[in-house]
Structure formats: structure tokens, C-alpha cells
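The values are calculated or read from the model by the stated rules, or taken from the named source; none is laboratory data. Every value quoted in this text rests on a predicted model; they were computed, and no experiment measured them. Don't worry about glycine lacking a Cβ; one is built from the backbone with ideal geometry, like all the others, and counts go over all protein chains shown.
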Amino acid sequence: MSDCIFCKIANGEIATNFVAETELSVAFWDIAPQKPVHVLVVPKEHHSNVGELAFANQAALVDLIQLGDKVASQLSTGSYRFTFNTGAEAGQTVFHAHGHITSETPKEQLV
Ligand code: 5GP
Ligand code: ZN
């Protein structure tokens, strides 16, 4: 979608602070972090929410969850939340499917 900010981030049109990438997904730091660790995981293919992604492309959904888990284990102690807001009244503001990885316990706090 030409006017979608996460499509533009995923295809490199808009620069961002990337954390990781696979063939199907990207992970990058949230621009307005709500927790010490706050990363978004986003499918490269445009779907407006996680449910639509699940029905349209199961491989992309599984890849998204796997990437989120990997990023969470790299950046946090392993205790994290994986949140998908669906619908404006639930707080969704960007209508390109994305999961929030949030954690109170970044890995570096251990050392
Ligand atoms: P939602 O509220 O839709 O679940 O989550 C959208 C998230 O995207 C918000 O946490 C917001 O801070 C983040 N966000 C919105 N625009 C940008 C952007 O241009 N770059 C990055 N890195 N994050 C963004
Ligand atoms: Zn999009």
C-alpha cells in the first residue's frame, strides 16, 4: 500500500532503527517506546491486522512470531509481552499488522 508507513519502513523507503530481518518480516525499535524494550515486528506483506495476516499467510504469521521471540530473547531476560492491538478502540493506530515486543527487563540490566 503506497500510503502505509510500515510498508515504507519494511521496503526501506523510510529509514528506521532495525533490529532484525527475515525474508518475510522485519523488527525495529518503536519510535515512542513505552517500556525499556519496545520493538515492533512487522510482516513485509501488507495486511491490516494480525487476524487478517493469519488467514491470508500462515507462513508469514509463524515467521513473525518466531522473529519476535528471537528478538525478545536477544534483548531481554526472556520475560516479555507480545501484543497485537486490533481496531482503533483497542489502541491500534497503524493499520499494517504488527506485534509489540515489550519487556521491563533488558538483558544488560543483568550484568
Ligand atoms: P499500535 O498503536 O497501532 O498498536 O502501534 C503502533 C506503534 O507504532 C506505536 O507504538 C508507535 O509509537 C509506532 N510508530 C508509529 N509510527 C512509527 C514510525 O514511523 N517508526 C517507528 N519506529 N515506530 C512508529
Ligand atoms: Zn502496509
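Observations on the model:
- Options Ala97, Ala72: the member that is at pLDDT 95 or above and within 14 Å of ligand 1 (Cβ to nearest atom): Ala97
- Number of residues in region 5-21 that are surrounded by fewer than 17 Cβ atoms within 10 Å (Cβ to Cβ) and within 14 Å of Val39 (Cα to Cα): the value is 4.
- Output for region 52-101, where each listed residue is within 12 Å of the chain's Cα centre (by Cα) and surrounded by 19 or more Cβ atoms within 10 Å (Cβ to Cβ): Leu61, Leu64, Leu67, Gly68, Val71, Ala72, His96, Ala97, His98, Gly99, His100, Ile101
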